Amino acid sequence: MYIFVKMKIFKLLAFLICSISYSAKTQTIDVKKLSPVQAKSDIEYFKNVFFSAHIYLALVCDTSVLKQRLDTLISGLNDSIYSSELYTRLMPVFTSIRDIHCSLHLPPENNDYFQSKKLYLPLNIFCSKGDLYVYNDYYDSCIAGSKILAINDVSADSIYSLLMIYSSSEGDNIHSREKIAELYFPSIYPLNFSVDSLNKIVVEHNSDTITHEIPGVIAKKEPYRSFFEKNKLNDDEPFEFGFSNDYNIAYIKIASFISGFPGEYKYFLNNVFRHIKIRKPKALILDLRNNTGGYANEGKLLTQYLMPEKYTYINNVVSKSSNIIQQEILKQSPLKPEIIRLTQYYLGNKSLRTIWKKQEGVVDTVWEKKIKPINSRKVYLGYLIVMFNGLSASTTGLVCNTLRHRPNTVFAGLPAGCAVSGTFGQPTAYELPNSGIKGVISILRFNQDTLPPVLTPIMPDIELPENPADIYTEKDSQLNQIMNIILDKIHNQ
């Protein structure tokens, strides 16, 4: 039996592509309906943001179809509507933009459904291969890992289909869509399906069909609000490191490439690879599952400990000037405009300076230098297995693409939420002026070669399906399989 001894290092902030938060003031806010003029103005603003600011919109969608769908949406706005209805109409159009960095959400203060204290379903789900499973519920009524057949007489297939419409991915990656659907479910479900005072959940467990009843709750009130604020990406230990009992296998988990304080991440890696150098394990597992990204430089630092010689991490960064993004950066930041302009116009990196210095619509490319490995005495050159899944994206993609060129390296898991040619990045917030619907848009493109960018996902050499039973048993079937593969390799040497 191999047990990993965890080295607890500093807590980091989890990076979410799609932020869903129920945090709000406890008092009720009167959210008024939008006039047709206001609703149409918001769609026009959304269209302007993406067509003028997205760094490569033609790669991630058919721009003529997108424009047509937005125009059709505008033409159908003839009556006053609440922000929640505008959101449900816009989301299916928005998710045709196949950039996992882009998100759209309805904040609580502008969510009329939330503010009017309507009922939510206190249930979290797990998606796998087109099926829905119970992850947990507030009352612990349902058995974790049981397959959902229906909720309030609506089939799980119908619920799943709608969730896929609401979920984004880098290209058409169903594994990413399923993971994002898990995050979206608590807020999306009540806007599209009825939530009653008592909700009937039909599940299948051990070949038995069981019906559970879960009360609907007011998500705005405690203790329910705390339940909805939590998500499965919250990790108390974003950095983990350990060895098997015989020190033959080392394990590193990096849940995020965003560090809490300057120097923490660097300190962690330096100590990890110092221990690896001393113990000389026969294999290293690098676990990047659910790592949605973060700072590109933190990914680069990790690769410097793993690459044997000089290599390309980022070939070039492409940016585009945009007046509307300038306005949004100034509007969304708590800092004074003159400070923002100073830091980005004069002190920012070359790519970001393009947004402020060039004329509207000018595209600029910044070429990057090759990277040298860290001190050769610290570099790990042995057998490496990299684990990822549909939520492994952004900077994680930069790391994985770099390690594809490393000898003695194997990828395992599920198709990653990132592409083989590079990644979008620098997600920047924007807000629709009347409804208060908020979103994020990519304003930079990080290319790792000189070929035209593609949306082909990074594929594993060893595909490892997720096991819904792990929710109940609290095991990690994917990691256990990797351990067995490594043990077979060691024994056969």
Subject >> For residue 245: the one exception among (1) at pLDDT 90 or above; (2) crowded, with 16+ Cβ neighbours inside 10 Å; (3) part of a loop (DSSP other than H, G, I, E, B) >> reply: (2)
Subject >> region 33-60: number of residues that are surrounded by fewer than 17 Cβ atoms within 10 Å (Cβ to Cβ) and free of Cβ contacts under 8 Å to residues at least 40 places away in the same chain >> reply: 4
Original post:
Is it true that residue 221 is assigned to a loop (DSSP other than H, G, I, E, B), touching a Ser or Thr at 6+ places or on another chain (Cβ under 9 Å) and of a type in the set (Lys, Arg)?
Top reply: yes
**OP:** Name the one entry in 362, 420, 440 that is more than 30 Å from residue 282 (Cβ to Cβ), aliphatic (A, V, I, L, M) and without any contact (Cβ under 8 Å) to a residue 60 or more places away in the chain.
**Re:** 362
Original post:
How do the pairs read when you match residues in region 310-323 that are in contact (Cβ under 8 Å) with a residue 24 or more places away in the chain and closer than 13 Å to residue 56 by Cα with residues anywhere that are surrounded by fewer than 23 Cβ atoms within 10 Å (Cβ to Cβ) and basic (Lys, Arg), using Cβ under 9 Å and keeping only pairs 6 or more apart or on different chains?
Top reply: 317/350; 319/350; 319/353; 319/358; 320/358; 321/357; 321/358
**OP:** For residues that are farther than 23 Å from residue 166 by Cα and touching a helix residue (DSSP H, G or I) at 6+ places or on another chain (Cβ under 7 Å), scanning just region 17-59, find the one that is modelled with the highest pLDDT.
**Re:** 52
Original post:
Given the conditions (1) polar (S, T, N, Q); (2) touching a helix residue (DSSP H, G or I) at 6+ places or on another chain (Cβ under 9 Å); (3) surrounded by fewer than 21 Cβ atoms within 10 Å (Cβ to Cβ), which single one is not true for residue 84?
Top reply: (3)
**OP:** Can you confirm whether region 269-283 contains a residue that is at pLDDT below 95 and surrounded by 23 or more Cβ atoms within 10 Å (Cβ to Cβ)?
**Re:** no
Original post:
Among the residues of region 303-312, is any closer than 21 Å to residue 459 by Cα, of a type outside the set (Gly, Ala, Ser), assigned to a helix (DSSP H, G or I) and out of contact with any Cys (no Cβ under 9 Å at 6 or more places or on another chain)?
Top reply: yes
Subject >> Check on residue 63, of a type outside the set (Asp, Glu), more than 30 Å from residue 452 (Cβ to Cβ) and surrounded by fewer than 19 Cβ atoms within 10 Å (Cβ to Cβ) >> reply: no
Original post:
Taking region 379-417, which residues are farther than 20 Å from residue 175 by Cα and either outside any strand (DSSP E or B) or modelled with pLDDT under 95 (or both)?
Top reply: 379, 380, 381, 382, 402, 403, 404, 405, 406, 407, 408
Original post:
Among the residues of region 454-470, which ones are under 15 Å from residue 392 (Cα atoms) and out of contact with any Leu (no Cβ under 8 Å at 6 or more places or on another chain)?
Top reply: 456, 457, 458, 459
**OP:** Could you pull out the residue among 129, 117 that is touching a residue at least 60 places away in the same chain (Cβ under 8 Å), farther than 26 Å from residue 416 by Cβ and either surrounded by fewer than 17 Cβ atoms within 10 Å (Cβ to Cβ) or in contact with a His (Cβ under 7 Å, 6 or more places away or on another chain) (or both)?
**Re:** 117
Original post:
Across region 260-302, which residue is farthest from residue 370 (Cα to Cα) among those that are part of a loop (DSSP other than H, G, I, E, B), in contact with a strand residue (DSSP E or B) (Cβ under 8 Å, 6 or more places away or on another chain) and not basic (Lys, Arg)?
Top reply: 281
**OP:** Read through the list (1) among the small types (Gly, Ala, Ser); (2) crowded, with 22+ Cβ neighbours inside 10 Å; (3) farther than 29 Å from residue 220 by Cα, then give the number of the only condition that residue 96 fails.
**Re:** (2)
Original post:
If you go through region 378-388 one residue at a time, do you hit one that is buried (at least 22 other Cβ atoms within 10 Å of the Cβ), touching a helix residue (DSSP H, G or I) at 6+ places or on another chain (Cβ under 9 Å) and among the β-branched types (Val, Ile, Thr)?
Top reply: yes
Original post:
Which of the residues belonging to region 436-469 are out of contact with any strand residue (DSSP E or B) (no Cβ under 9 Å at 6 or more places or on another chain), more than 30 Å from residue 43 (Cα to Cα) and not hydrophobic (A, V, I, L, M, F, W, C)?
Top reply: 452
Original post:
Give me the pairs: first residue in region 204-233 and at positive phi, second residue modelled with pLDDT of 95 or more and part of a helix (DSSP H, G or I), beta-carbon distance under 6 Å, and six or more apart or on different chains, which are they?
Top reply: none
**OP:** Scan region 451-493 for residues that are within 28 Å of residue 169 (Cα to Cα), out of contact with any helix residue (DSSP H, G or I) (no Cβ under 9 Å at 6 or more places or on another chain) and outside any loop (DSSP other than H, G, I, E, B) and jot them down.
**Re:** 463, 471, 472, 479, 480, 481, 482
Subject >> Total residues in region 333-349, condition of a type outside the set (Phe, Trp, Tyr) and loosely packed, with under 14 Cβ neighbours inside 10 Å >> reply: 10
**OP:** Among what's in region 189-218 and is over 12 Å from residue 123 (Cβ atoms) and crowded, with 17+ Cβ neighbours inside 10 Å, pick the residue that is nearest to the chain's Cα centre (by Cα).
**Re:** 191
Original post:
Within the set of pairs 6+ apart or on separate chains, which have a first residue in region 454-472 that is farther than 20 Å from residue 127 by Cβ, a second that is surrounded by 13 or more Cβ atoms within 10 Å (Cβ to Cβ) and among the acidic types (Asp, Glu), and C-beta atoms under 7 Å apart?
Top reply: 455/170
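The values are calculated or read from the model by the stated rules, or taken from the named source; none is laboratory data. Keep in mind that what you see is a predicted model, and the values were worked out from it rather than measured. Glycine gets a Cβ as well: all are built from the backbone with ideal geometry, and neighbour counts include every protein chain shown.
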